[in-house]
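The values are calculated or read from the model by the stated rules, or taken from the named source; none is laboratory data. This is a predicted model, so every value here is computed, not measured. Here Cβ is always computed from backbone atoms with ideal geometry, including for glycine, and neighbour counts include all displayed protein chains. Heavy atoms of the whole protein, side chains included, go into the accessibility calculation; ligands, DNA and RNA do not. Shrake-Rupley method; radii C 1.70, N 1.55, O 1.52, S 1.80 Å.
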Amino acid sequence: MMLQDEIKQLAKEAREASRTLAQVSTTAKNDLLKGMADALVAATTALCAENAKDLQAGKEKGLSDAMIDRLRLDEARILGMADGLREVAELPDPVGEITGMWRRPNGIQVGRMRIPLGVIGIIYESRPNVTADAAGLCLKSGNAVVLRGGSEAIHSNRAIAGVLKGVLAAKGLPSGALQLVGTTDRGAVTELLKQEEYIDLIIPRGGEGLIRFVSENSRIPVIKHYKGVCHTFVDANADLDMAEKICVNAKVQRPGVCNAMETLLIHKDAAQAFVPRIARALGGLGVELRGCPETCRLAPDATPAQDEDWGAEYLDLILAVKVVNSLDAAIEHIQKYSSLHTEVIVTRDYANSQRFLREVNSSVVMVNASSRFSDGNQFGLGAEIGISTTKLHSFGPMGLEDLTTRKFIVFGEGQVRE
């Protein structure tokens with residue numbers, strides 16, 4: 001079968017399956033996910049054997065140690081995938097929820113009900129656990145899912161999807177509700193992005209290059225975030241012990257993730273005390289500072305920042321640092337360079353915290369907490385399908401509710417429009 005026909009058929013089968021899945025009860029969906037979790041654990045040996053093929057191929061291609069680690073499956077990680085499915089099974093089901101009901105003057109009642117989006121396409125890189133995570137969230141929210149993982153994880157993804165599809169069939173549900181693009185042909189992504197007749201939403205998960213390619217080539221609406229340029233602003237009267245703790249955590253705990261702090265802004269009235277202090281703390285942990293002239297004066301080991309540093313997502317132990325004259329200047333800097341991911345203010349001034357919350361329009365805005373909390377699981381969503389920095393139709397970490405839309409429902413007693 002030609003690649004174009006293969007992808008179209010796969011998407012068509014997902015669309016057909018989505019109609020059945022949308023009517024499946026919460027109990028049946030939860031039973032499905034728990035069965036999938038048990039099946040993954042039972043298949044641990046087989047999954048690790050397939051994963052070993054990807055690891056060997058990755059080493060032969062010269063993938064970095066970090067990439068190899070992302071690819072790796074072992075007993076603990078497979079247990080983690082299974083636990084993730086069980087956690088999703090325990091979450092409230094948004095499908096069918098009535099989110100409002102009101103009566104009009106003519107007596108009709110109008111409300112809104114949550115329904116699945118339909119078919120969701122997920123295009124992702126590296127981590128094979130995304131195959132199970134994405135499938136679980138989509139199926140629980142009543143959506144069919146089409147998965148296209150990276151070629152570096154092809155054997156692992158095929159094996160995981162095969163286990164999950166087997167459980168769908170065993171439960172009497174259409175196996176087309178979970179589709180994996182099984183080819184490594186890069187043209188498959190382009191063909192997938194043309195299936196607007198069958199796929200309702202595309203969610204790319206990966207580097208900026210992948211997300212830009214998907215956004216520029218898709219005929220289907222795309223939920224995306226290009227990068228996480230996250231800011232922390234230390235206000236004039238901030239508790240400096242708290243500020244140091246937050247900044248160290250935000251930069252160092254996991255520097256290679258999208259919710260790590262990339263730029264630190266410090267009010268000029270706090271700079272004399274805080275810049276040398278945070279420079280010592282971060283420098284001792286291997287962080288390179290790239291600072292404005294005032295930062296470099298107060299922290300001589302800092303490297304002078306270049307213009308491109310202010311909009312950089314380093315994903316590394318590198319931090320841009322700037323001393324600003326005011327809260328207004330901090331907000332202005334964030335508005336200019338933010339990627340709309342996550343911004344933090346550390347302050348003891350209630351009025352300033354409220355201004356920051358109102359005026360900074362990123363998808364997550366925090367007061368006195370690390371940007372590392374910007375995560376669906378940490379927010380109580382149970383898990384996330386991704387993070388959206390576009391404002392339609394979801395903004396920020398996306399959980400089950402974000403994989404639904406709402407339809408109007410109307411109850412009447414024979415009224416007709418005059």
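For region 126-206, run through the GluC sites (Glu not before Pro) and keep only the ones in DSSP coil with at most 14 other Cβ atoms within 10 Å of their Cβ.
For GluC sites (Glu not before Pro) across region 126-206 that sit outside H, G, I, E and B with at most 14 neighbouring Cβ atoms in 10 Å, the list reads GLU196, GLU197.
Using a simple spin-label model with points 7 Å from Cα along the Cα→Cβ vector, what separation in nm is obtained for ARG406 and ALA57?
Computed distance between label sites ARG406 and ALA57 equals 4.5 nm.
When the helix-only estimate is applied to the chain (DSSP H runs of n ≥ 4, each -39,500 (n - 2.57), divided by the residue count), what is the mean residue ellipticity at 222 nm, nearest 500 deg cm²/dmol?
-13500 deg cm²/dmol, from helical runs alone.
For the chain, what is the accessible area per residue in Å², given a 1.4 Å probe and the full set of protein chains?
Working: 18780 Å² over 418 residues.
In whole numbers, the chain has 45 Å² accessible per residue.
Ignoring ligands, DNA and RNA, how do THR27, THR405 rank by accessible area with a 1.4 Å probe, largest first?
Values: THR27 105, THR405 60 Å².
Highest to lowest solvent-accessible surface, that is THR27, THR405.
Provide the descending list of Cα extents for region 291-361 along its principal axes, expressed in whole angstroms.
Largest first, region 291-361 extends 35, 25, 19 Å along its Cα principal axes.
On the full set of protein chains, 1.4 Å probe, figure out the accessible area of MET242 and give it in Å² to the nearest 10.
70 Å²
Over region 166-285, how many percent of alpha carbon pairs lie in each 5 Å bin up to the one with the longest distance?
Bins of 5 Å from zero give 2, 9, 14, 13, 10, 9, 9, 9, 8, 7, 6, 3, 1, 0 percent of pairs.
How many percent of all Cα-Cα pairs in the chain sit more than 36 Å apart?
More than 36 Å apart: 35 percent of the Cα pairs in the chain.
Kindly state, to the nearest 0.05, the FRET efficiency for GLU196 paired with GLU90, given R0 = 25 Å and r defined as their beta-carbon distance.
FRET efficiency, GLU196 to GLU90: 0.15.
Tell me, rounded to the nearest percent, the portion of alpha carbon pairs in region 1-105 spaced more than 18 Å apart.
Summing the P(r) tail past 18 Å for region 1-105 gives 70 percent.
Order LYS336, LYS59, LYS227, LYS8 by their accessible area, 1.4 angstrom probe, all chains in place, largest first.
Largest to smallest exposure gives the sequence LYS336, LYS59, LYS8, LYS227.
Round to a whole number: what % of the accessible area of region 263-354 belongs to carbon and sulfur, probe 1.4 Å?
Numbers: 1990 of 4220 Å².
The computed percentage sits at 47.
How much length is gained on full extension from ARG104 to GLU288, taking 0.36 nm per residue of separation minus their Cα-Cα distance?
60.0 nm
Binning every alpha carbon pair distance of region 50-167 at 10 Å from zero, what are the percents per bin?
Pair shares across the bins are 12, 35, 25, 13, 8, 5, 2, 0.
Using protein chains only and a probe of 1.4 angstrom, how many square angstrom of SER18 are accessible, to the nearest 10?
In the full protein context, SER18 sits at about 10 Å².
PHE379 to ARG358: FRET efficiency via 1/(1 + (r/R0)^6), r the Cβ-Cβ distance, R0 22 Å, to the nearest 0.05?
Once rounded, the FRET efficiency stands at 0.65.
Would you list, by chain and number, the aspartates and glutamates whose Cα falls below 20 Å from the Cα of LYS59, excluding same-chain residues fewer than 8 positions away?
Once the sequence-local aspartates and glutamates are set aside, what remains near LYS59 is GLU50, ASP69, ASP74, GLU125, GLU152.
Could you tell me the accessible area of ARG104 in Å² (1.4 Å probe, neighbours in place), rounded to the nearest ten?
Only protein atoms counted, so the area is about 120 Å².
Would you calculate the volume per residue, in Å³, of the smallest convex hull containing every Cα atom of region 293-418?
Per residue, the Cα convex hull of region 293-418 comes to 198 Å³.
Describe numerically, in nm with one decimal, the distance between label points set 7 Å from Cα along Cα→Cβ at THR20 and at ASP241.
6.1 nm
Could you pull out every one of the lysines with an alpha carbon less than 29 Å from that of LYS336, ignoring same-chain neighbours closer than 8 positions?
Counting by Cα, and skipping residues close in sequence, LYS336 has these lysines nearby: LYS224, LYS227, LYS245, LYS251, LYS268, LYS322, LYS391.
Where does region 137-192 land on the Kirkwood hydrodynamic radius, alpha-carbon pairs, in angstrom?
Its Kirkwood hydrodynamic radius stands at 12.0 Å.
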